[in-house]
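The values are calculated or read from the model by the stated rules, or taken from the named source; none is laboratory data. On a predicted model such as this, the values are computed, not experimentally measured, just so you know. Please note: Cβ atoms are built from the backbone with ideal geometry, for glycine as well, and neighbour counts cover all protein chains shown. Areas reflect the complete protein model, heavy atoms only, side chains present, ligands, DNA and RNA absent. Shrake-Rupley method; radii C 1.70, N 1.55, O 1.52, S 1.80 Å.
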Amino acid sequence: MKFKLDKTLSLVAVGVISVLQGVQAAPVYEIINIDLDTYDLNGTIANTRNGYGMAVNSSNEAVGAAKGKKKLTVSEEDDGVIDIEDGVADSETITYSVNLPIIANNFTFNSIGNEWLPTFESVNGTTAPTFPEDEDTANSVDTFFYDINDSGLKVGAMTAEEQTLPYDGSSETQEFWYYREYEQRGFVKSGTDAEVALLPPYNQYVYKEGESEEQTITVGGFSSAAAVNNSGLIAGYASTDISDNSGNIINSCVENNSETAPQEICIQAAQFPNQYGYSDIQYQIRGYVWQYDAGVVTPTMLPLGLEVTNDSVYSAQGLGVNNEGVVAGRSYVYRDNDKDRLYYDAAYWTKDATTDEYKYNWVDVDEARDVYSSIAYDINDNGILVGSYNKYINGYRRDKFFYFDTNNPETPLVTPNDFYNSISDLGSRARDINNQGQVVGYIETTHDKEKPRPKAGFLYQLPNTEYPEGEFKNLNSLLTCESKGYQQDAEGNWERNLVEVTDGDGTKLTYKSDILVVEANSINEDGTIVGTAFIRKPSYKFDEDGNLVLGDDGLPFFQLNGNGEPVTSYLPRMVVLQPAGATAEACTVVDDDGSDDNYERKGAASFAWLFALPLLWFRRRFK
């Protein structure tokens, strides 16, 4: 049974786990980018801490993003740096300020089967991170890949490179002001060719002084490319104007030029993200498509879901596109044309074959009248759109994955059953759907009310003749034993692989391998999935000044628990999963200490920062 949105969402008792223990029907998966000698994940580029798999095409080419450079001070007496291959250490924290050099902390990479090794790929002149950092090659440009089509065409977003102005303020040590031309710009990249920037229609502000004098000021604008289909049609969003209040901020920067800082620096300070991830300068954002053809892009703006009659800031985003040219995303809309009911809702845009104009279509989430927002992430060639909506469930706001048939828009959207053969209060989001009706995304795995909940990647099969009710699976329950960190002993029994590390006093320590798939972002037609997995690593010991504690041999000490074992935490890495074949079996081993099921039970606090995945980082202003 499948529940429609207008049916009551109820929490099934946590103890009802018949589906999780039922007969295996979904494909068994194995993690392809695992090193079975070390049980490590080849999931990020050298000298970075975190890796995220973003998309995979049918040619087994994947793209991803790396975040967090290695840069650790050993001590105040020895201000060098130490390379750490094992263990969890703080990544470099980036603070944006017009008084400091702009340092890149996000990098793009590609990954190609069979080995799937992440390989740094330059965008906008970026250089690979080095350790220790080479000041001559360090770059100031942050880059992200979001999608790749079957011919290898890649799309994403980037920042501009750092520029400087001579400093003339009160500091006696500062030499320059630091700024850049734009904060975010979409791009498309073919093979090893240089990227083609997707220039937003609005990127300059006209300042008027009196009735005749005008000054054109570069403010950069805003654009992003989120998806690309096999004909080179790119879906994304771009700035079309600036808000009135933002115009007043720029006016103030011009009128007070050089009193506290040059106008370029004043404008830059207003565009850097604050501690909450927002900037003071806000743009009108509209969904866009760009047709790429041999290095040339042709832009088309997608209509907003409402008629603009005031000076408020409205946004729309194209986030997915199928090979029929239908775009999925979201837009502000007045539900039922009621101007007291403004929402940011899932939408799709179809192209009129006669006029070549795009038409906006609302995804009706209004049946229950208590949905706060919704979003569509992808649409397949059969017109099935996937996304999520947000509403109160059992007293808490949760996201719930849905799918919707755009070819039969009169049919309500469907909220699939999840783990308990019903609809629970576990939050979930769908990220991608292929033409086989396979959907991937993430779902929460605990029912904690007040704490952040850990997540797991899921695979959902839309209803078909083989699965008339559909099938929802936690990807971790579909993995082979090797892919979960187990190895066989001489008698053929499965046991956790023990990783050996050397402490600062020369003591040999061990901890158990553990790999948890926490988000699935993309699935191709063959069922290959890329996303993000957590891998267990030991934590190092730091002193009260934040420096590594080293032994006489120069090795760092690990944090130990009461049993003298390393305290462990998790690092995110790109993960690549492929069907393991008809004879493979999903792992059913249960550890005595329960460590095999921690993706369902482990403390949520250690997973809280997963909410800051790079895809969300780029959408911070438009939530």
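List of remarks:
- Helix-only arithmetic for the chain: the sum of -39500 (n - 2.57) across DSSP H runs with n ≥ 4, divided by the residue total, places the mean residue ellipticity at 222 nm at -1000 deg cm²/dmol.
- Seen through its C-alpha gyration tensor, with square-root eigenvalues sorted a ≥ b ≥ c, the stretch 38-194 comes out oblate because a/c lies at 1.5 or above while a/b is not bigger than b/c.
- The relative contact order of the chain, computed from alpha carbon pairs under 8 Å that lie at least 6 residues apart in sequence, is 15 percent.
- Percent of alpha-carbon pairs separated by more than 15 Å within the stretch 515-560: 63 percent
- Cα centroid separation, the stretch 420-436 to the stretch 187-201: 33 Å.
- Range of Cα positions in the stretch 430-531 per principal axis (Å), largest first: 58, 41, 22
- Tensor-based shape of the stretch 125-255 (alpha-carbon gyration tensor, a/c under 1.5 rounded, otherwise prolate or oblate): oblate
- Kirkwood hydrodynamic radius over Cα pairs of the stretch 281-413, then Stokes diffusion coefficient at 37 °C and 0.692 mPa s, in µm²/s: 211 µm²/s
- Look at where the Cα atoms of the stretch 541-587 and of the stretch 456-488 average out, and the two centres are 26 Å apart.
- Among residues other than Asn435 with Cβ under 10 Å from its Cβ, the summed charge is -2 (Lys and Arg +1, Asp and Glu -1).
- Counting only heavy atoms of the protein chains and using a 1.4 Å probe, Asp168 has close to 120 Å² of accessible surface.
- Solvent exposure of the chain amounts to 43 Å² per residue of accessible area, where only protein heavy atoms count and the probe is 1.4 Å.
- The heavy atoms of Thr502 present about 40 square angstrom of accessible area, all protein chains included, probe 1.4 Å.
- Separation between Cα centres of the stretch 254-273 and the stretch 334-392, rounded to whole Å: 39 Å
- Cross-link pairs Lys67/Lys189; Lys455/Lys512; Lys154/Lys484 - those with Cα-Cα distance over 27 Å: Lys154/Lys484
- Surface composition of the chain: carbon plus sulfur atoms contribute 44% of the solvent-accessible area (1.4 Å probe, protein chains only, all chains present).
- Scalar couplings 3J(HN,Hα) for the stretch 491-496, obtained by applying the Karplus form with A = 6.51, B = -1.76, C = 1.60 to θ = phi - 60°, are 8, x, 7, 8, 9, 4 Hz; x denotes Gly and Pro.
- Proximal charge balance of Thr406 [Cβ under 14 Å; K/R count +1, D/E count -1]: -4
- Pairwise Cα distances in the chain exceed 36 Å for 40 percent of all pairs.
- If both residues of a DSSP beta bridge must be in the chain, then about 95% of such bridges are antiparallel.
- 5 angstrom amide H check on Ile242, placed H, neighbours 5+ away: Gln284
- Long-range Cα-Cα pairs in the stretch 365-437 (distance over 19 Å), rounded percent: 33 percent
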